[in-house]
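Heads up, the thing below is written out as structure tokens.
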Amino acid sequence: MKVNYSCVIDNKERYLQQGWLWVNSLIQLAKINPKNIWVHFISDIDDSYIRKFADSGVNISVIEPYGDKKYCNKIAQMQNDELKNSDAIILMDIDMIMLESFEDNIDYDCISSKIVNETNPSTEVIDELFKLAGLTKTLPDKAIELRDDLTYGANFNGGIYIIPKKYYNIIQSGWEKWAQWLLINGKPLYDAKREAHIDQVSFCMNIHENNIPIKYISRLYNYPMPFQFDDLGRLPYVLHYHTLMDATENKFIAVDYEPAGNIKKAIELANKFISSLALPE
């Protein structure tokens with residue numbers, strides 16, 4: 001089976017540095033073939049950055065900003081037909097470090113992702129959006145990561161989406177459709193100051209509208225580092241560090257709790273890897 005990995009990088013220094021870590025973690029730590037990695041740059045990024053990434057052997061695509069040209073850019077990567085030359089696509093945020101490949105665990109019969117950490121946006125906001133859109137729930141609610149509070153089924157944390165080939169077209173068309181709808185009709189989202197979740201909510205709406213089969217993956221595949229959990233029994237495959245690196249001058253990952261066990265080992269491994277890389281400037 002061929003699996004392609006994909007990300008989108010916007011034109012900010014922080015994102016370029018995160019993207020560089022993401023690419024190199026896939027290649028060096030997870031041993032992913034660079035030919036199976038796609039980096040989508042927003043069109044106004046300097047050519048020197050693009051050349052640096054291209055020299056690592058990954059595939060490069062320059063795309064135009066999409067939708068609101070801010071929170072919707074992630075959706076545009078699904079327009080890349082070359083990316084779809086695979087049995088599955090793994091869309092990833094760039095504030096992630098992959099420590100080990102999990103390709104052997106992919107389910108090719110459903111969309112796989114992790115539920116949100118918090119109720120963002122709230123269930124009340126999503127209720128209102130579904131009512132405005134005339135959508136009916138087709139999935140049961142799901143407990144969020146941090147508490148027993150419930151959110152809509154398929155309200156995924158967008159850090160990782162695993163999309164098998166059979167769902168490429170319906171994910172692309174429905175994701176675009178509902179993102180565009182939210183940009184026009186998403187007042188409840190904007191009133192709640194949760195417009196940053198347009199891509200996440202539109203993905204959820206698409207799943208419910210088309211009754212697409214899903215699978216919830218555990219935090220092993222998308223470990224939310226700002227939060228402390230019990231030991232996982234093994235190293236997580238992927239660390240999702242969010243903005244934790246921005247708070248330290250040396251740009252290493254630093255958490256505000258005392259990590260232990262496999263999480264401590266994972267952070268040590270990630271920081272050793274980070275220290276070995278020259279970040280783009």
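The values are calculated or read from the model by the stated rules, or taken from the named source; none is laboratory data. Computed from a predicted structure; not experimentally measured. Cβ sites come from the backbone with ideal geometry, for glycine too, and all protein chains shown count toward neighbours.
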Looking only at the range 155-167, which residues are in contact with a strand residue (DSSP E or B) (Cβ under 7 Å, 6 or more places away or on another chain) and closer than 24 Å to Met1 by Cβ? Phe156, Gly159, Ile160, Tyr161, Ile162, Ile163, Pro164, Lys165, Tyr167
Of the residues Lys70, Lys131, only one is basic (Lys, Arg) and outside any loop (DSSP other than H, G, I, E, B); which? Lys131
Conditions (1) free of Cβ contacts under 8 Å to residues at least 40 places away in the same chain; (2) surrounded by 14 or more Cβ atoms within 10 Å (Cβ to Cβ); (3) of a type in the set (Lys, Arg) -> Lys264 fails only (2)
Quick one: how many residues across the range 207-223 are within 17 Å of the chain's Cα centre (by Cα), over 11 Å from Leu139 (Cβ atoms), assigned to a helix (DSSP H, G or I) and not hydroxyl-bearing (Ser, Thr, Tyr)? 2
Can Gln28 be described as touching a residue at least 40 places away in the same chain (Cβ under 8 Å) and either buried (at least 21 other Cβ atoms within 10 Å of the Cβ) or touching a Lys or Arg at 6+ places or on another chain (Cβ under 8 Å) (or both)? no
With respect to Leu239, is the statement that it is assigned to a loop (DSSP other than H, G, I, E, B) and in contact with a helix residue (DSSP H, G or I) (Cβ under 6 Å, 6 or more places away or on another chain) true? no
How many residues does the range 194-213 hold that are crowded, with 18+ Cβ neighbours inside 10 Å and within 30 Å of Leu235 (Cβ to Cβ)? 6
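The rows are residues; the columns are (1) aliphatic (A, V, I, L, M); (2) under 26 Å from Tyr241 (Cβ atoms); (3) in contact with a Leu (Cβ under 9 Å, 6 or more places away or on another chain); (4) surrounded by 14 or more Cβ atoms within 10 Å (Cβ to Cβ).
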| site | (1), (2), (3), (4) |
| --- | --- |
| Ile90 | yes, yes, no, yes |
| Asp93 | no, yes, no, yes |
| Leu99 | yes, yes, yes, yes |
| Glu103 | no, yes, no, yes |
| Ile115 | yes, yes, no, yes |
| Thr123 | no, no, yes, yes |
| Lys131 | no, no, no, no |
| Thr138 | no, no, no, no |
| Lys142 | no, yes, yes, yes |
Could you tell me whether Lys52 is under 26 Å from Ala266 (Cβ atoms) and either surrounded by 18 or more Cβ atoms within 10 Å (Cβ to Cβ) or modelled with pLDDT under 95 (or both)? no
Kindly indicate whether any position in the range 61-71 is crowded, with 21+ Cβ neighbours inside 10 Å, within 16 Å of Met92 (Cα to Cα) and at pLDDT 95 or above. no
Tell me yes or no: at least one residue of the range 145-152 is surrounded by 21 or more Cβ atoms within 10 Å (Cβ to Cβ), among the polar types (S, T, N, Q), under 24 Å from Tyr241 (Cα atoms) and under 13 Å from the mean Cα position of the chain (by Cα). no
Does Gln200 fit the bill of being under 21 Å from Ser6 (Cβ atoms), among the polar types (S, T, N, Q) and touching a Gly at 6+ places or on another chain (Cβ under 7 Å)? yes
Name the residue, out of Ile90, Ile126, that is touching a residue at least 24 places away in the same chain (Cβ under 8 Å), farther than 29 Å from Tyr190 by Cβ and among the β-branched types (Val, Ile, Thr). Ile90
Selection within the range 22-49 - at pLDDT below 95, over 17 Å from the mean Cα position of the chain (by Cα) and not small (Gly, Ala, Ser): Asp44, Ile45, Asp46, Asp47, Tyr49
